[in-house]
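Any read-out appearing in this document is the output of simple, stated calculations on the displayed coordinates, not a laboratory observation. Predicted, not measured: the structure shown is a model, and the values here were computed from it. All Cβ positions, even for glycine, are placed from backbone atoms using ideal geometry, and neighbour counts span all protein chains on display.
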Amino acid sequence: MWEQQVAFWVLAVAMAAAAIGVVRSRNIVHAALFLVVVLAGAAAQYILLAAEFVAWVQVLIYIGAVVVLFLFGIMLTRAPMHDDAGALDNDQRWGGLVVALFVLGVLIALLVNAFGGKKIHFSNALVSLGRTSHVGTDIFRVFVVPFEVVSMLLLAALVGAVVLARKD
Amino acid sequence: MNPHVDFHAFAPEIVLTVTIVAVLIADLFTDDSKLPARIAALGVLGSLVPVLTLAVDGQTRSLFGGAFVVDPFSLVLTGFFLVAGYVTLLLSFDYIGEGDYYQGEFYVLLLTSLLGMIVISSARDLISIFVALETITIPTFVLAGWRKHDTKSNEASLKYFLIGVLSSAVMLYGMSLVFGLANSTVLVDIHKYASGHTPALFAVAVFLTLVGFAFKVSAVPFHFWAPDTYEGAPTPVTAFLSVASKAGGFVALLTIVRLGFFPSGNSWQPILWVLAAASMTLGNLAALRQTNIVRMLAYSSIAQGGFILVPLAVAGDVRGNAAWQAVVIYILIYGAMNLGAFAAVIAAARRTRSAEISRLAGFGRTNPAIAVMFSVFLFSLAGIPPLAGWFAKFVMFRAVFDANTTVAVVLGVIAAVNSVIAFFYYSGVVRRLWFDEPAAGVELSSPRLPVGLSAAMGLMTAVILVVGVYPQFFARLGEIAFQRG
Amino acid sequence: MTEFYRQYLSVAVLIGAAALMFGAMLGAGRLLRPNRPQPEKFITYEAGSDPVGGWGQSNVRYYVYALLFVMFDVEAVFIFPWAVNLKSLGVYGLIEMAVFIIVLTLGLVYAWRKGVLRWA
């Protein structure tokens, strides 16, 4: 399965580069667009793991909706849309780097310790596990309560957002 | 096959959902500004009916492969949340009605948050717990910022939102690691997994999950949002946040620790121990220095949260259900005391037009009825017999003595010292109420208190006195909660 | 390589081709066009009229539309798993989905009745 390995590393490097772009970009709109690359890379990784439904949800919700909200959010503020050196810098670079490296080290060590020797055996059963119909069965037969509660949650979120956005 | 849906088990949720929809429709299609409030109050009381019928039935109903369980525990807490929600409504009617706020929307959001709470009492898997927890918090982000044109309220909402989202992300990451390791989101399966040999990653997963909860219940060192949010939010919303929403976090924490992480004691006990000790100490020390009554109660509720965490932190060494019972009994009593205290703050603020403690000077001479009840709530929070607060502290210390390990005893000593510290600031307010000269400018002949507010205060005073004198009542509820149905 | 990956390989090829084509077109443009940065170019384009003043760069009303879009986007995500299991879930699934959709439609009705969809 060397193809998978190659695909994984290509995607992983692209995602890491784009993620650095998100935090390094001086233009906040560019940062949001870099985020699209990271999220799309995550979707592609899901495909590599044969989690087809999750991958397309990632595209629909994150790239489709969340990034749109980001852009609208940026538009609503006075954040500079052009390069503005310094305005977006909170001068925590070194502290941030130390924390990031620490978390990275801890997570790598622990994840390798817990899952290091395990392999995902690719099979048709695995593919069908990630298909929409299997997820649907789970949602409608096991996670019925959260599913219905989510509709009330979305309704409340919309009502709350409209209250905040109304001018009167 | 499609699962058989036991509608009786869902009846409280269904009634509340229908109520929310009815409130929204009433707000949209009628001009009667009082109607949404009436429907909301009626609906919350209506949801209590199926809770009672389920309690009489007494059968444990486990649905969807154990993801949703209706047992005595969930019924006791569902009942608690509905009553707390009803009292919050009593506090809100006039506050929201007079302030020219959006009324229908306020009740829709409040009830949706309440819906999340009653779902969380029955939720027994990570996905249900997470969705219910978000349903509790997301409406309250908006409620905290309900006074849109007040920058303090905006600040309250924004701080709460940012911290809330961050804590959800941390918690979700922890939960996803738990799922990855245990291969299931159902707590029963996680319990099985935790009984075996677990890698170090599991401890980190538990840690991240608990940190998320620590934010939700504003345990030190994840508490810094609470005082600002409590101060800026409308006071009825603050009462709701400090009681119902906080209790929601504790119920989820209790469920997840008791039914999920329990066998792996080394992974969760030290974390809860530190959270408990830090919350009690820092909450109380900070409360001593407050000049604003709402901020003082915010720090006091952080400290009370620490007391609730004490039996949880020692639960691994307590045989039987004494520790879990202590948590549930403490939550029930804390709810009554804190709702009462905030009701009294609202009532007092209607007279003094301020939340500064100094403005309460001599309040007992000008408004004896409110001051008496205010004193009852504060002394109960301090844990003075024969008010209900003493029993909450008693069951907490009993759990510590049951555990009887060195770490438990140390925690018990910290709790005892903190109870003494807490007495100072609670009694400081009471002293101001009764022994200081009235401040100038306090209205003496102000309009009568709204009925809802008086009813809420009276009800909470009655609960505190009755439970303080006959603690068997709540003790029995605590026992019932952990009986096998 | 399995059938599953072979199908997605064509998706990857398509994405790669699109990126190349896009890059070529923008790159050609960059080589050919003159470069004259002006601050006016960063002003929000708002249907030809001057952008609104105040604290934002665009009107808050757009945001309500974005939110409605997100809400129904999430709804769509839940409709797919139901649609592919339509037969096996039967009436039971229909009722569940109906409750879900009715509740969300109520959100739309709310926005409509409160007049936030009207461009006054």
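A few points about this structure:
- Length available on full extension from B:R319 to B:V451: 0.36 nm per residue minus the Cα-Cα distance, which gives 42.9 nm.
- Options C:L68, C:V84, C:F100, ranked by Cα towards positive dipole end of region C:58-120, top entry (Cβ charges): C:L68
- All-pairs alpha carbon distance profile, region B:264-485, 10 Å steps from 0, percent: 9, 33, 32, 18, 7, 1, 0
- Relative frequency of Cα-Cα separations exceeding 36 Å in chain B, percent: 24
- Under the Debye formula (equal points on every Cα, no solvent term), log10 I(q)/I(0) of region A:2-92 at q = 0.16, 0.23 Å⁻¹: -0.71, -1.10
- Chain A - Rg and Dmax from Cα coordinates, angstrom: 20.0, 61
- In plain terms, the C-alpha convex hull of region C:1-42 casts an average shadow of 4.5 nm² when viewed from every direction.
- For region C:58-120, average projected area of the Cα convex hull in nm²: 4.8
- Computed about its Cα centre, the charge dipole of region C:58-120 is approximately 300 debye, with only Lys, Arg, Asp and Glu carrying charge at their Cβ.
- A crude spin-label estimate for the pair A:R131 and B:A462, with each label 7 Å from Cα along the Cβ direction, gives 6.1 nm.
- Region A:2-92, dipole about Cα centre (Lys/Arg Cβ +1, Asp/Glu Cβ -1), debye to the nearest 20: 120
- Chain B, relative contact order in percent, only Cα pairs under 8 angstrom and at least six apart counted: 15
- Average projection area in nm² (convex hull over Cα atoms of the protein assembly as shown, one quarter of hull surface): 36.0
- Dipole magnitude of chain B, debye to nearest 20 (Cβ charges: Lys/Arg +1, Asp/Glu -1, about Cα centre): 880
- Under the span-like rule (Cα at least 24 Å along the axis, Kyte-Doolittle mean at least 0.0), DSSP H helices of chain A: A:2-24, A:28-48, A:93-115, A:144-165
- Volume per residue that the Cα convex hull of region B:38-98 spans, once the total is divided by residue count, Å³: 85
- Computed over region B:347-444, the quotient of the alpha carbon radius of gyration and 2.2 N^0.38 Å is 1.36.
- Under the Karplus curve 6.51 cos²θ - 1.76 cosθ + 1.60, θ = phi - 60°, whole-Hz ³J(HN,Hα) for region A:50-64, x wherever Gly or Pro sits: 6, 9, 5, 4, 4, 4, 6, 5, 4, 5, 5, 7, 6, 6, x
- Pairs of alpha carbons in region B:52-207 whose separation is greater than 24 Å (percent): 48
- Note on the protein assembly as shown: dipole from Cβ charges, positive end direction compared against B:N292, B:Y334, B:A481; the farthest Cα belongs to B:N292.
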